[in-house]
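**Student:** Before anything else, here's the structure in question.
The values are calculated or read from the model by the stated rules, or taken from the named source; none is laboratory data. All of these numbers come straight from a predicted model, not from anything done at the bench. Cβ coordinates were reconstructed from backbone atoms using ideal geometry, including for glycine residues, and neighbour counts include every protein chain displayed.
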Amino acid sequence: MKVFMDHSDQYPELKIIALGAVNTARQVVMYDVEMRRRVAEIKVPLMTEDEIHKIIKQGCKLLNITVTDSVLTDIWSQSNGVASICHQLCLLMCEFEGLDETIPQLYDGEFDVILDSAHLQFAFKEYLEIESDTIKYAFDLAFQVESGDDVILILSEKETSGDTLANIHHDAKKKELRISEKNIESILQHLSKPEHGELIKFDEDSQKYSFSDPFYKTYAQVFMQNKPDDYNKRRRSDSEMKKIINNAFDIIASDAKPISTYNKSASGKVVIKTESTNVGSTDHDIDIVEQELRRLDAKQKA
């Protein structure tokens, strides 16, 4: 960067743009003190709820499908403003439904495929399975920090945005955990380092500690709720800890099947397979399907 600055007189229009997924711009470039006044820091915040919803609705519009309001809310909650998680969950919901292309509307203004909580449940579990090795390894490293599990437990009960050091210490005292505020700060710092899983991140603006990935919080909740009764009474061996960590994933994982699938028969007709009583099967729905099939037949004959 200094080289570019030294030649700025020759190339006045030259600019450097450095991007990075970290909490502060300084962490992206790690500039020296003398560069402080020569660098403009532009913080790009996480996406808002409306922005995450816009991603989902735009995808639905292009695919001719729709999602329930509860799915919109849950994806926002689980993605925590991270667009890549939103995209991955939506992709997995489509895979669950068997969607890989835009589908025709069943009739004007209405759609055959509605992605609901069952689709999101599958997507959520598949995402965890994809990330399972990463998450297990991160927690395995984190639990090597003395009293790290106690601090993780407290954070798992917080909002996704996390909380301040003072409030975390307050909750530790309520749980009768004998950890000083200074020790908690040290534990949090350890948990934010790669060698201890990097489970935790610190936001300098809000002065809050939170999970670096919203799925870490979900896994921490499952782990803490299902750990053995005598978990805190004795130190566990590495093999025992791995078994407990794997058990938490076994609890999260379960089989799921699609609610409905969109297909075309050999004749080109629309065929709707229903595999759950949750799908509407009223006379009105049947009339609509038959009407659409007749329309498609007439169009083919023409």
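**Student:** Within the range 98-155, take every residue that is aliphatic (A, V, I, L, M), in the same structural domain as Q78 (by TED's automatic domain parsing) and not in a helix (DSSP H, G or I) and give me the one that is modelled with the lowest pLDDT.
**Tutor:** L106
**Student:** So, I179, is that one at pLDDT 90 or above, assigned to a loop (DSSP other than H, G, I, E, B) and of a type in the set (V, I, T) or not?
**Tutor:** Against the criterion (at pLDDT 90 or above, assigned to a loop (DSSP other than H, G, I, E, B) and of a type in the set (V, I, T)), I179 qualifies.
**Student:** Which of the residues spanning the range 134-180 are touching a Leu at 6+ places or on another chain (Cβ under 9 Å), under 21 Å from D205 (Cβ atoms) and not β-branched (V, I, T)?
**Tutor:** L155, G162, D163, L165
**Student:** Can you find a residue that is hydrophobic (A, V, I, L, M, F, W, C) and under 22 Å from V82 (Cα atoms) anywhere in the range 172-179?
**Tutor:** no
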